[in-house]
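**Q** Structure incoming, see below.
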């Protein structure tokens with residue numbers, strides 16, 4: 001487990017890509033929906049808005065960092081609308097939760113930025129921010145790492161409202177640095193901790209689904225670095241699984257990374273099919289240990 005304060009992250013939201021059940025939460029820790037009251041179900045649904053709200057805040061923050069105040073303004077307005085809905089559902093105005101994210105790290109000679117793609121109810125949420133991807137490339141930001149993590153948050157909706165209101169006013173006054181500080185403060189107050197997924201099966205299967213989702217949107221480098229993360233987990237050891245089988249899967253990942261460097265869209269479908277087969281292989285390892 002490691003502490004990680006976000007100074008520049010952004011979370012992509014809105015476009016839904018159905019991922020594999022590898023993202024499924026531990027059912028032994030979740031109350032079955034049929035046993036929940038209507039109020040509890042509504043609360044669960046409302047709480048899922050929290051990462052979307054944080055997503056718009058992060059994207060506003062990233063937009064300001066790229067000198068795009070109009071985009072930042074739009075995301076702040078969207079975050080404000082979600083904050084209003086959440087405040088109506090949470091009388092105590094506080095949300096404590098652990099969210100799954102596909103974390104991507106960017107770096108250049110001067111800065112390190114972090115991108116968090118939220119995962120909710122087996123769905124990977126990727127945004128309508130194709131322009132953000134493009135602008136990141138134009139700025140020379142290069143991916144350096146990717147993988148699936150849990151982020152523990154404590155969101156104070158009152159503080160969020162105050163910071164969003166302040167940031168919006170600052171943008172109207174063209175005080176962009178001040179607006180950026182207000183948005184950053186939201187994360188400094190909300191993100192408590194970050195941890196890797198410990199269960200090897202969930203970690204590997206989940207990261208395979210993450211890599212596939214990145215690839216489906218043409219994000220070849222993100223998919224490639226997710227495979228790097230997978231290989232690190234494989235090399236750390238997979239209890240009860242034949243070492244030859246693990247080595248073969250790692251070799252397959254090596255070959256795929258070479259193919260991904262070519263960024264050839266014509267191979268995307270065939271590679272996605274291989275992801276599905278690999279996820280099946282990992283599940284079989286657990287069902288039929290050596």
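The values are calculated or read from the model by the stated rules, or taken from the named source; none is laboratory data. In this text, all values refer to a predicted model and were calculated from it rather than measured experimentally. Backbone-built Cβ (ideal geometry, glycine too); neighbour counts: all protein chains shown.
**Q** Name every residue in region 51-88 that is crowded, with 19+ Cβ neighbours inside 10 Å, farther than 24 Å from residue 178 by Cβ and modelled with pLDDT of 85 or more, in order of residue number.
**A** Correct list: 86 only.
**Q** Can you tell me which of (1) under 24 Å from residue 144 (Cβ atoms); (2) in a helix (DSSP H, G or I) is the one residue 177 doesn't meet?
**A** (1)
**Q** Going through region 210-250 one residue at a time, which ones are surrounded by fewer than 16 Cβ atoms within 10 Å (Cβ to Cβ), at negative phi, touching a residue at least 24 places away in the same chain (Cβ under 8 Å) and not in a helix (DSSP H, G or I)?
**A** Matches in region 210-250: 239, 242.
**Q** Hey, another quick one. Which condition number does residue 201 fail, the rest of (1) modelled with pLDDT of 80 or more; (2) assigned to a helix (DSSP H, G or I) being met?
**A** Condition (1) is where residue 201 drops out.
**Q** Of the residues 231, 257, 269, only one is assigned by TED's automatic domain parsing to the domain that holds residue 208, under 13 Å from residue 204 (Cβ atoms) and out of contact with any strand residue (DSSP E or B) (no Cβ under 7 Å at 6 or more places or on another chain); which?
**A** Just a single option satisfies the conditions, and that option is 231.
**Q** Please determine, by comparing only the residues of region 107-124 that are more than 16 Å from residue 52 (Cβ to Cβ) and surrounded by fewer than 19 Cβ atoms within 10 Å (Cβ to Cβ), which one is modelled with the lowest pLDDT.
**A** Restricting to residues being more than 16 Å from residue 52 (Cβ to Cβ) and surrounded by fewer than 19 Cβ atoms within 10 Å (Cβ to Cβ), the top hit is 122.
**Q** Just for region 173-209: of the residues that are in contact with a strand residue (DSSP E or B) (Cβ under 9 Å, 6 or more places away or on another chain) and closer than 23 Å to residue 246 by Cβ, which one is surrounded by the fewest Cβ atoms within 10 Å (Cβ to Cβ)?
**A** Going through the qualifying residues, I end up with 196.
**Q** Mind checking which residues of region 91-109 are within 29 Å of residue 196 (Cβ to Cβ) and in a loop (DSSP other than H, G, I, E, B)?
**A** 108, 109
**Q** Determine, yes or no, whether residue 168 is crowded, with 17+ Cβ neighbours inside 10 Å, farther than 24 Å from residue 228 by Cα and in contact (Cβ under 8 Å) with a residue 60 or more places away in the chain.
**A** yes
**Q** Could I ask something else about it? Listed residues 222, 248, 283, 217; which is out of contact with any helix residue (DSSP H, G or I) (no Cβ under 6 Å at 6 or more places or on another chain) and at pLDDT 85 or above?
**A** Testing whether each residue is out of contact with any helix residue (DSSP H, G or I) (no Cβ under 6 Å at 6 or more places or on another chain) and at pLDDT 85 or above leaves just 248.
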